[in-house]
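Input: a single structure, listed below in structure tokens.
Since every read-out is calculated from the coordinates, none of them should be taken as a lab result. Because the structure is a prediction, the values reported are computed rather than measured. Ideal geometry is used to build each Cβ from the backbone, glycine not excepted, and the neighbour counts take in all protein chains shown.
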Amino acid sequence: MKERMEAIKKAAFERIENAKSLDDLNEIKTSILGKKGELTSVLKGMKDVAPEDRPKVGQMVNDARAAIEEYLAKESKMLQSKIREEKMKKEVIDVTLPAKKLKAGHRHPNQIALDDLERVFVGMGYEVVEGPEVEYDKYNFELLNIPADHPAKDEQDTFYITKDILLRTQTSPVQARVMETGRMPIRIISPGRVFRSDEVDATHSPSFHQVEGLVIDKGITMADLKGTIDQWAKEFFGPDTKTKFRPHHFPFTEPSAEADVTCFKCGGKGCRMCKGSGWIEILGCGMVHPKVLKDCGIDPDVYSGFAFGIGLERVTLLKYEIDDMRLLYENDERFLEQF
Ligand SMILES: [Zn+2]
């Protein structure tokens, strides 16, 4: 009996030593000390033992049980601390590791140019006003002296929603809306998105941005317009920039002009950017047509004013020397992060 007990103990110790997890230990405990365990079955066989030997055998079983339980508890404690140690090792923070690079966003070049443009005009006392992108024909065309048979109204150029509602083709309808309020004097710029049914290429897009300017007061003349554009060009493109006006035609201004600035790349000597002329066409402008004033409820005998329209993409492309307008809409990070 004694040998059997020793054998059970030895086997148990060996199994405990080789246990790899707490589950293993639990299984060993059940298989030896459990209801159907090896030690328990020894106790069950007690009836075959001579009565005088029973206390001795009982003592032996209890001793073995105690020894195994003690060893199990010790191993279990060791395993637990080992598991904790490994867990801590995994969670350790290596402060010498290089930090993850944070990716910061960049302002879009169009937005940088617009902020810069607004800064100049707000500095001259202009208010920034926005208007709806879905517009009535009345504001987009009629009140701006663009009659029903004008080629600009062709469906080839304009996205019509209904007969009277369209996607605005210019930011000029904001002029009509502001004039209609009758609050004088007016000194606004109005940036925004406009729509034309153009094919996409290096210089065209069905959707682009304009910045409209409008000033109306008593005694406003063409000289005010020239001075304003000249001042803006100097602040926007550089202090040495010169401007010149060329006669042009727009339905809503009379007289009308296109303004050129000296090439800011070559300073006017002539280069690839200005196609050798030294000048770059930059915007359209003119004195607000008396009919437009009258139709918007302003007395043209008392008030006069000027308007101008700047193509935002055009000045952005020029200012940052970008040669394809499509780059502005593709949102390629490799392009945008250069600004
Ligand atoms: Zn040039």
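Details
- Between region 3-28 and region 41-79, the Cα center-to-center distance that results, in Å: 14 Å
- Structure remark: mean-square fluctuation, Gaussian network model of the chain, C-alpha springs under 10 Å; the largest value among Ser81, Ser277, Ser172 belongs to Ser81.
- Highest average packing first - 103-115, 214-226, 39-51, Cβ atoms within 10 Å: 214-226, 103-115, 39-51
- Debye intensity ratio in log₁₀ form over the Cα atoms of region 70-192, taken at each q of 0.11, 0.14, 0.19, 0.21 Å⁻¹: -0.61, -0.82, -1.09, -1.18
- Applying a DSSP loop filter and a limit of 12 other Cβ atoms within 10 Å to the trypsin sites (Lys or Arg not before Pro) in region 129-177 leaves Lys163.
- Entries in Lys2/Lys47; Lys226/Lys275; Lys36/Lys87; Lys47/Lys77; Lys35/Lys82 that, when Cα-Cα distance is taken, lie over 26 Å: Lys36/Lys87; Lys47/Lys77; Lys35/Lys82
- Candidate aspartates and glutamates - alpha carbon under 17 Å from Lys100, same-chain residues fewer than 8 apart omitted: none
- For Leu97, Leu22, order by how many other beta-carbon atoms lie within 10 Å, fewest first: Leu97, Leu22
- Here r is the Cβ-Cβ distance between Cys266 and Glu333 and R0 is 25 Å; the resulting FRET efficiency, rounded to 0.05, is 0.20.
- Straightening the chain between Glu127 and Ala148 buys 4.4 nm, computed as 0.36 nm per residue apart minus the Cα-Cα spacing.
- Taking 23 Å as the limit for the C-alpha separation, the pairs Lys242/Lys294; Lys218/Lys294; Lys234/Lys291 exceed it in the case of Lys242/Lys294; Lys234/Lys291.
- Among the trypsin sites (Lys or Arg not before Pro) found in region 285-339, those both in a DSSP coil and sparsely packed, with 16 or fewer other Cβ atoms within 10 Å of their Cβ, are Arg326.
- For the chain, Cys with no neighbouring Cys Cβ under 4.7 Å: Cys285, Cys296
- Cβ-based charge dipole, region 109-336, positive-most Cα from Tyr160, Ile189, Leu328: Ile189
- Relative to the dominant Cα principal axis of the chain, helix 22-33 is inclined by about 20°.
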